[in-house]
Amino acid sequence: MTGVAPSTSPAPGAVKPAGTPSFTLRSNGLRARTLWVLASVERAVRWAARRAGTSDGWLMGVREEWRRLLGNGHVGRVAGAADVAAGLVLILPALPWRFRRQRPQQLARALAELGWRVLYVDASVRTSIHPPPRLVVADRGVEVLSLRLPGRPDPYRTLLSREQALSLADLLVTGLRRRPDFVLVQLPFWAPLALMLAERLEVPLVYDRMDKHAEFPGAPAVLDEGEALLTSRAQHLVASSAGLCDGAPAGRSWHVIPNGVVLEDFWGRDRAPRTRRRMVAGYVGALGPWFDAEALARAARDLPDWTFRLAGRVEEPEVRALGRLPNVKLIGEIPYVRVPEFLRRLDVGLVPFRDTALTRAVDAVKMYEYLAAGLPVVARDLPGFRRWGPPAVYRYGVGTELAAAIRQASADDSPAQAFGRHDLLHGETWRTRANDLVAVAKTTSEVVLRDS
């Protein structure tokens, strides 16, 4: 690759330097910012309109999208914050930057805290407005490059076309001030672009598999093609759980790097015994088809003296119907900055998933956050929840109902147990995961990429 200066890797724990951004745009001013705000407003209106079947559904849609429009707890600025001597990671993520804070955003922040520069490519906005590319340095120094792709492709139902990938590759290669140390890709959608970038930049490609993408309801077969491209041609294969380590050609090895938590975000209050009359169980995350609404409804009826608080975007009619139960509260999507306070008001954290091919491969971020907050976790008996047993994680589904597991978790709880659960997570931080990821990326390449 010509015209891009080589980079050097920062030492672990390096302090984040200030300087010029890692990526340059010809126009990144007020016009771009205004058009992106308008595009976000259009997206919010579209989302709310799709949920206009009931008044509360429409209002919840407006509330959730307004929070995202305002930043969802993130404060961005148009400025540079990268030093040309530091290492750089280019991320083609599975989630938009301002979406629910999960593995992609947490790894990006952890890398930045360790001294790395991160360019996070966000092409999620599907709008009739045509804003130009925009670069924002988000909190903790991650540079977010926002793009609106021609044709408005859905990143969860298709792959980039070769023409789209070529156009994006030209934009990225031209704008980069220095060569990345590696490219991290997390979604089959990006496969054509990821392969082009790794070949043109002459850097390793790391595929970080977060989910069985083809197992999501309604997922098209083309996602399997993207998976096959990445698992066969990326130099390094990373998965968030052992259940995701399949589909690679013979001789390829997976590196399991589980999810993690920012411990300091979820601790710090007095863990005195609770004295309130009503107990509270809660859930944080998407309320989609993998959420077992039937099991939750039975538990709510069996435990009338409990309140069930569900924080997340409602994506299924069966989940919305739960709101008609007197002790179930649907509070909508909440930003990450409000999650710790939400958890502090709970007695038990819930992961009531259905047993499917998708959920059997899940390593749920919420489980780490519940435990970091000192909460006992009640979860479906699935492989991803078998790392810990009582008094940390109580499983149900094999001869045990959700309500019975909630009762047991509450009965066993104490301040000492809460401290013990938190202490389990000291080796499970996102900084540890980021260090593990860098170690994988620096190992000898397993395959040689050839752009086709």
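Rule-based calculations on the coordinates, nothing more; no lab input. Keep in mind that this is a model prediction, so the values were computed, not measured. When we count neighbours, we look across all protein chains shown, and the Cβ atoms used for this are built from the backbone with ideal geometry, even at glycine.
Some notes on this structure:
- Sequence of LEU30, LEU195, LEU160 once ranked by neighbouring C-beta atoms within 10 Å, starting from the fewest: LEU30, LEU195, LEU160
- Cβ charges +1 (Lys, Arg) and -1 (Asp, Glu), total dipole of segment 151-238, debye: 280 debye
- Net lengthening on full extension, SER161/ASP423 (0.36 nm per residue, minus Cα-Cα): 89.6 nm
- Ranked by the mean number of other Cβ atoms within 10 Å of their residues, highest first, the peptides 281-290, 431-440 come out as 281-290, 431-440.
- Over segment 145-227, relative contact order from alpha-carbon pairs under 8 Å, at least 6 apart, %: 34 percent
- Taking LYS442, LYS366 and counting other C-beta atoms within 10 Å, the order from fewest to most: LYS442, LYS366
- Taking segment 263-423 and dividing mean pair separation by its residue count, relative contact order in percent (alpha carbons under 8 Å, at least six apart): 23 percent
- A simple packing score, the average count of other Cβ atoms within 10 Å per residue, orders the peptides 92-99, 219-226 as 92-99, 219-226, with the highest score first.
- Rg and Dmax of segment 263-423, Cα atoms only, in Å: 14.4, 41
- Dipole magnitude of segment 263-423, debye to nearest 20 (Cβ charges: Lys/Arg +1, Asp/Glu -1, about Cα centre): 380 debye
- Debye log10 I(q)/I(0) for segment 380-421, one point scatterer per Cα, at q = 0.16, 0.25 Å⁻¹: -0.41, -0.88
- Taking the number of Cβ atoms within 10 Å of each Cβ as an exposure proxy, the fewest-first ranking of ILE406, ILE331, ILE91 is ILE331, ILE406, ILE91.
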